[in-house]
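The next block holds one structure in the form of structure tokens; read it before the comments.
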Amino acid sequence: IRFGYGLRPGEEPPADAEALLAQIEEGVSEKPGFPREGAAGRLENATRVLSVLAAEAKARRAGNPNEGIRRETQREVQRTYRLDAMARMANAIHSPLGFYERLAGFWVDHFSTSVLKALPMRMIVPLYEAQAIRPNIGGSFSKLLSAAILHPAMLIYLDQNQSVGPDSPAGRRNRRGLNENLGRELLELHTLGAGSGYTQDDVRAAALVLTGLTVDNRTLEVVYQPQLAEGGPITLLGRTYEDDEGDGQDHVLMLEDLAGSPKTARHVSRKLVRHFIADDPPDDMVEPMVEAWMRSQGNLTEVYRTMLSHPRAWAEPGRKIKQPFEFVVSGFRALGLPEKNFANLVSDLDDEDEGPVGKAMEMAGAAATREEARRKARRANALTLGALQRMGQPVWQPPSPAGFADEVSVWLSASQLSERIAWSRMIARTFGQKTEPSAFLEAALGDAARPETRQIVAQAPSKVHGITMVLASPEFNRR
């Protein structure tokens, strides 16, 4: 419950810390269920969409807009995002590698990007998680940092593709300016952390070192363009970067330096403890993790091992509130929902009137069938993506580069609890009609259930009411 996505009937929980750590290697070797057409297929489809959008924009500027093509492309991209988001939920619900899945969620949030930045990002961000994050969460932080920062999704999200060195050939010619977004978030969020002593001059220096990096929209590749890069020596945190070889690799050296900083080790270790253990990370837990980080040169598995080896990792349960994604996923897991049942929800959600099935129904004039499909789609959405939207944590849509909040106070509000109770009632009616509440309580909470909760569930007037009470209980909402 604390280190995974909750109990699942018939699935043995990990026996100890080493069993949790073993999940990482296994998870890294597996391909996630998204992008649904694989990395190569997604790149091909995303670049095609970019070409179509560019052509339509050019035609629009010439006075010949094609609204039909634009709307059809928007529908295709939105459908792709929806299917990927459902696949991400399915990964978390059905995988026995709960700790690995939770770590993937943590790092996706640490290196936040958003599908809302631009329409093509709905296709690029799932690729980012699959390519940059998931394969690298068990190795060195330096490698993970480089993979995340130097991915097209990050460069587009933080406007690096618009950044030009003021004294570069392109900057002097076109009077385009420096964009500091990526430089700022690199120092404040991804590495050193706010309040670690860096200055605005350091933010500007980091942004200058990153100049020259941009995204080729024809291939969705990160490329280095010397005409965009600021020349001359650039000093950041006491180190001078001069691009002595002239190959534009100073940004690589900068990322390595930042990854190896003790301040980065402390900032990230604190975030890990805050995510898994407590809102106020205890120093006696963080400092050994920092030491393990420095000793192992940023080997993340060693950092996780140190966290899991600390007595506090197994004490005082219930100090954290499950975020909405965790809550919904753990609810599905507790009910033991078979993969085919969730696949049916995906299918129901996809059967909308703008999709192929909806068009076929329209042509056949099957009004009753169309209405039934819409009803199923509404229910599927209300149980999955719509629920996360209402609860404030839609998939791949963080509110800012800082990601989603990770404090109890944010998720412990009257409106949040109201949404969770409504969802609990809905899923109980949909999938819990034949489940005995007492058996469900044991499957969902085990020995974490309080006597008061056991009594309330035992006195429930119906199965649906009993299941709802388990899912809405304080124990189920905490970890």
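The values are calculated or read from the model by the stated rules, or taken from the named source; none is laboratory data. Note that the coordinates shown come from a computational prediction; the quantities given were computed from them, not determined experimentally. Neighbour counts are summed over all protein chains in view; Cβ atoms, including those assigned to glycine, are modelled from backbone coordinates with ideal geometry. SASA here: full protein model, heavy atoms, side chains in, ligands and nucleic acids out. Shrake-Rupley method; radii C 1.70, N 1.55, O 1.52, S 1.80 Å.
Structure summary
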quantity: Pair list, Cβ < 6 Å and 6+ apart or interchain, from region 161-178 residues that are on the phi < 0 side of the Ramachandran plot and among the hydroxyl-bearing types (Ser, Thr, Tyr) to residues that are surrounded by 14 or more Cβ atoms within 10 Å (Cβ to Cβ) and part of a helix (DSSP H, G or I); calculated: Ser168/Leu228
quantity: Subset of region 407-436 that is of a type in the set (Ser, Thr, Tyr) and surrounded by 13 or more Cβ atoms within 10 Å (Cβ to Cβ) - its residue that is farthest from Met469 (Cα to Cα); calculated: Thr430
quantity: Hits in region 90-141 - residues which are under 24 Å from Leu43 (Cβ atoms), part of a helix (DSSP H, G or I), open to solvent by less than 20 Å² (accessible area, probe 1.4 Å) and touching a His at 6+ places or on another chain (Cβ under 8 Å); calculated: Tyr128, Ala132
quantity: Those residues of region 364-391 which are more than 21 Å from the chain's Cα centre (by Cα) and among the polar types (S, T, N, Q), in sequence order; calculated: Thr369
quantity: Exclusive hit being under 24 Å from the mean Cα position of the chain (by Cα) and modelled with pLDDT of 95 or more, set Pro437, Pro394; calculated: Pro394
quantity: Residue count, region 147-187 (criterion: at pLDDT below 95 and of a type in the set (Ser, Thr, Tyr)); calculated: 1
quantity: All positions within region 285-298 that are in contact (Cβ under 8 Å) with a residue 24 or more places away in the chain and either in a helix (DSSP H, G or I) or aromatic (Phe, Trp, Tyr) (or both); calculated: Met285, Met289, Val290, Trp293, Met294
quantity: Scan of region 423-479 for residues that are touching a residue at least 60 places away in the same chain (Cβ under 8 Å) and among the charged types (D, E, K, R), ordered by number; calculated: Glu475, Arg478, Arg479
quantity: Pick from region 246-261, criterion in a helix (DSSP H, G or I) and touching a Phe, Trp or Tyr at 6+ places or on another chain (Cβ under 8 Å), ranking: nearest to Phe141 (Cα to Cα); calculated: Ala259
quantity: From Pro398, Pro394, residue being part of a loop (DSSP other than H, G, I, E, B), touching a Leu at 6+ places or on another chain (Cβ under 6 Å) and under 25 Å from Leu345 (Cβ atoms); calculated: Pro394
quantity: In region 305-336, the residues that are over 22 Å from Ser424 (Cα atoms) and in contact with a Phe, Trp or Tyr (Cβ under 8 Å, 6 or more places away or on another chain); calculated: Met307, Leu308, Ala313
quantity: Hey, Glu67 out of contact with any Leu (no Cβ under 8 Å at 6 or more places or on another chain), charged (D, E, K, R) and modelled with pLDDT of 95 or more or not; calculated: no
quantity: Subset of region 301-349 (residues that are within 22 Å of the chain's Cα centre (by Cα) and in a loop (DSSP other than H, G, I, E, B)); calculated: Lys320, Lys322, Gln323
quantity: Failed item, numbered, when Trp423 is tested on (1) within 30 Å of Asp279 (Cβ to Cβ); (2) modelled with pLDDT under 95; (3) not charged (D, E, K, R); calculated: (2)
quantity: Hits in region 9-66 - residues which are basic (Lys, Arg), outside any helix (DSSP H, G or I) and open to solvent by less than 40 Å² (accessible area, probe 1.4 Å); calculated: none
quantity: Those helices (runs of 4 or more DSSP H) lying entirely in region 154-245 with at least 3 residues hydrophobic (A, V, I, L, M, F, W, C) and either open to solvent by 50 Å² or more (accessible area, probe 1.4 Å) or closer than 30 Å to Gln397 by Cβ (or both); calculated: 200-210
